[in-house]
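To keep things clear, I will list the structure first and then write my remarks on it.
The values are calculated or read from the model by the stated rules, or taken from the named source; none is laboratory data. Given the structure is predicted, the values throughout are model-derived calculations rather than measurements. Every residue, glycine among them, receives a Cβ derived from its backbone with ideal geometry; neighbour counts consider all protein chains shown. Accessible surface areas use protein heavy atoms only, side chains included; no ligands, DNA or RNA. Shrake-Rupley method; radii C 1.70, N 1.55, O 1.52, S 1.80 Å.
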Amino acid sequence: MLLLYNVGIKLYFLLIRLASFFNKKAKLWIKGRKNSALIRYPESIWFHFASLGEFEQGRPVLEQMRSLNPGVKVVITFFSPSGYEVRKNTPLADAVYYLPLDTRKNAVEFIEIINPKLAIFTKYEYWYHFFNQLHQRDIPLYIISGIFRPGQIFFKWYGGLHRHILGFVSCFFVQDERSAQLLRDIGINNAMVSGDTRFDRVWANAQQPKPISVVEAFKNGKNIFVAGSTWPADEKLASVLTRIYPDWKFIFAPHEITEDKINDLVDLLPKNSVIRYSQIPSSAPHLSTYQTLIIDNIGMLSSLYQYGEIAFIGGGFGVGIHNTLEAAAFGLPVIFGPNYSKFKEAHDLVDLKAGFSISDEAGLKAIVHQLIDDKEFYAESSKKISTYVREHTGATKTIIDYINAPS
């Protein structure tokens, strides 16, 4: 099985290399790993994140570990360009790299150079050679905010190698009891139900949000519908609302901000009603006259929700919804597409009637109409969703207390 794994890793690399000739993300993936010059450290704490979402999820633990270990270098790795390119200059790390391809040679070299005293991976990504090398060197390896589902390869008859990879982990901090039970069923007994660190991150952000003067001027006392991390299928639906509710303001923060994607979104909206964030002049006295603001940059979304009343979270008509909790922490009822099965918090919010899954335009119109017209229903949904986030904080403290406990 290890032979097949190694062949698969190399095949994946070749496919990415081929894709790099016509795909920008693939090109960055290849280029970033080729040009990475590692800095040798006498000791470090290594954090790995698949992408930007996992960085924000693990950030509370990262901040705490950096604060509690002021003399120790912090190394961050990302698998995806969407994480690395946005956070490559984060002040929370002494060095930020792309994760090298998971070969034995790369794992040995990387770990010997950064010399971690412990490694923390957020939510997922299980790499045989990196995990094995950490294990052989008795370097503690923690998975935080882990979540497991029966359909994953670990629980299949052919998942022997992947179950073996799990055996290299020192402790799993999982989001729910179901995940812990799935691990116990395959003989993995070092799992602790700590919850999801995203709750700590989004709740802290909601208590002290960064003000955005441009958005305040745009809002000008009106209600705002925030469409966050949207894809074309989401935008096609949400844009319909701009004509139904002309007295509302709309903010779209697309997941991809290429020029062609932004232009396609603009074409869906009423003419002369749209302004792009990047095109707002330093002095914009007439900003409040626009109905729709398009955020054509990365990194603002978590602060945008403070100005909203209702949120539409993108991704539910594709591979899966994006972060609902950033909006939920501000008390915004959240709406999303049908593909949310992998997200525990989305199921919880639907059960609470504070999150609403829709599958078509009619469903979107119906729930928005109810939230706008039934003020009691809106208030109850808003209260439920913010309470849900607050009551699920605390995972960071559980994790930090365990990692820093005397051995």
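For the chain, complete DSSP H runs whose alpha carbons reach 20 Å or more along their own long axis and whose mean Kyte-Doolittle score is 0.0 or higher are 2-19. Our note on the geometry: Cα centres of segment 354-407 and segment 114-175, 29 Å apart. Measuring with a 1.4 angstrom probe and ignoring ligands and nucleic acids, residue 156 comes out at about 70 Å² accessible.
Taken over segment 198-277, the percentage of Cα pairs per 10 Å bin, counting from 0 up to the bin with the maximum distance, is 15, 44, 32, 8, 0. With the gyration tensor restricted to C-alpha atoms of segment 242-310, the semi-axes of the equivalent ellipsoid amount to 17, 15, 14 Å, longest first. With the convex hull drawn over the C-alpha atoms of the chain, the volume per residue is 153 Å³. How big, in percent, is the set of alpha carbon pairs in segment 14-81 lying more than 20 Å apart? Cα-Cα pairs of segment 14-81 separated by over 20 Å account for 44 percent. In this entry, segment 1-134 is assigned a mean projected area of 7.9 nm², taken as a quarter of its C-alpha convex hull surface. The residues of segment 139-272 expose on average 45 square angstrom of accessible surface per residue, using a 1.4 Å probe on protein heavy atoms.
Probe radius 1.4 Å, ligands and nucleic acids ignored: give me the carbon and sulfur share of the accessible area of the chain as a rounded percent. Of all accessible area on the chain, carbon and sulfur atoms account for 53 percent. Using θ = phi - 60° in the Karplus curve 6.51 cos²θ - 1.76 cosθ + 1.60, the 3J(HN,Hα) couplings for segment 77-94 round to 10, 10, 8, 9, x, 5, x, 4, 5, 7, 10, 5, 10, 4, x, 7, 10, 8 Hz; x is entered for Gly and Pro. Among residues other than residue 169 with Cβ under 15 Å from its Cβ, the summed charge is +2 (Lys and Arg +1, Asp and Glu -1).
Starting from a Cα-only point model with no solvent, please compute log10 I(q)/I(0) by Debye for segment 271-407 at q = 0.09, 0.10, 0.18 1/Å. So the normalised log intensities are -0.36, -0.43, -1.09. If you take the alpha carbon atoms of segment 82-216 and fit the smallest convex hull around them, that volume is 157 Å³ per residue.
For residue 36 and residue 1, FRET efficiency with R0 = 30 Å and r from the beta-carbon atoms, rounded to 0.05? In this case the efficiency is close to 0.55.
Rolling a 1.4 Å probe over the protein chains gives residue 216 an accessible area of about 90 Å².
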